[in-house]
Amino acid sequence: MAGKKKSETIRIVKITDGTVIDHISAGHALEVLEILGITGKEGSVVTLAMNISSSKVGSKDIVKLEKRVLEQSELARIALVAPDATINIIQEGEVVKKTRVELPDSIANVVICPNKRCVTNKEREPIHAKYQVVSKRPTVLKCHYCWTLIEEAEIIAQFMEH
Ligand code: CTP
Ligand code: ZN
């Protein structure tokens with residue numbers, strides 16, 4: 001229809017085998033890639049869609065990873081920045097499993113304690129960082145050793161630094 005602008009539905013390419021991380025809070029897809037350590041240099045196909053309109057949540061981001069299955073610890077990390085994300089395992093073009101990400105009650109490493117004097121930041125023989133999850137929405141972590149609170153903005157800032 002020349003000259004007539006149709007309202008279009010954006011359809012993102014489906015994948016054959018891999019993982020679809022859906023319902024990522026709008027604008028947070030890059031952080032999800034960052035926490036998974038995906039740079040694009042791995043060679044596998046990664047599809048990213050941001051600010052997609054969704055009837056259920058208004059707008060959302062989606063990340064599709066071909067030929068990749070995520071570990072439990074990776075799902076916990078995703079929950080730090082995208083607490084409503086759903087994980088769809090795709091096999092031979094079909095969704096064979098759908099789960100929600102879930103933050104555990106405690107989480108190891110992931111971020112550096114912002115308190116420079118914390119034992120986890122000692123230059124010699126540092127203790128591994130460990131955090132208690134004191135709030136899931138928004139994410140607030142509490143250092144197991146010095147009780148410093150770490151908010152979502154700080155967590156995201158640390159992921160984006162690398
Ligand atoms: N998907 C995909 N490739 C496939 C199958 C599904 O990329 N071969 C994607 C879909 O595009 C969607 C997600 O995986 O983003 C979940 O698919 P599906 O369960 O079919 O969609 P919905 O019913 O809309 O999911 P939900 O109820 O979780 O919103
Ligand atoms: Zn600390």
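The values are calculated or read from the model by the stated rules, or taken from the named source; none is laboratory data. Keep in mind the model is a prediction, meaning the values are calculated, not measured. Note that we place each Cβ from the backbone using ideal geometry, even for glycine, and neighbour counts take in every protein chain shown. SASA here: full protein model, heavy atoms, side chains in, ligands and nucleic acids out. Shrake-Rupley method; radii C 1.70, N 1.55, O 1.52, S 1.80 Å.
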Charge dipole magnitude, Cβ of K and R +1, D and E -1 - the stretch 106-161, Cα centre, debye nearest 20: 220
Normalised contact order of the chain, rounded percent, pairs of Cα under 8 Å and 6 or more residues apart: 21
Cα Rg, Dmax, the stretch 2-100, angstrom units: 14.1, 51
Size of charge dipole - the chain - debye, nearest 20, with Cβ of Lys, Arg +1 and Asp, Glu -1, no other charges: 380
Distance between the stretch 45-83 and the stretch 85-118 - C-alpha centres, whole angstrom: 10
Dipole of the stretch 106-161, positive direction: furthest Cα of I112, H144, I156, with charges on the beta-carbon: H144
With DNA, RNA and ligands ignored, accessible area of M50 (1.4 Å probe; Å², nearest 10): 80
Label zone at A153 (point 7 Å along Cα-to-Cβ), backbone N below 18 Å, the stretch 12-36: 27-28, 31
Most mobile of P138, P114, P126 in a GNM of the chain (Cα contacts under 10 Å): P126
Among S73, S59, S44: highest mean-square fluctuation, GNM of the chain, C-alpha pairs under 10 Å: S44
Solvent exposure, largest accessible area first (probe 1.4 Å, DNA, RNA and ligands not counted), of C113, C146: C146, C113
Residue-normalised accessible area of the chain, expressed per residue, 1.4 Å probe, Å²: 65
Sulfur and carbon atoms: percent of accessible area, the stretch 2-100 [1.4 Å]: 49
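Trypsin sites (Lys or Arg not before Pro) within the stretch 73-162: which are DSSP loop residues with at most 16 other Cβ atoms inside 10 Å? Write out the running numbers ahead of the final one.
Working: sites: R77, K97, K98, R100, K116, R117, K122, R124, K130, K136, K142; in loops: K116, R117, K122, R124.
Answer by residue number: K116, R117, K122, R124.
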Candidate aspartates and glutamates - alpha carbon under 16 Å from K67, same-chain residues fewer than 8 apart omitted: D17, E42, E92, E94
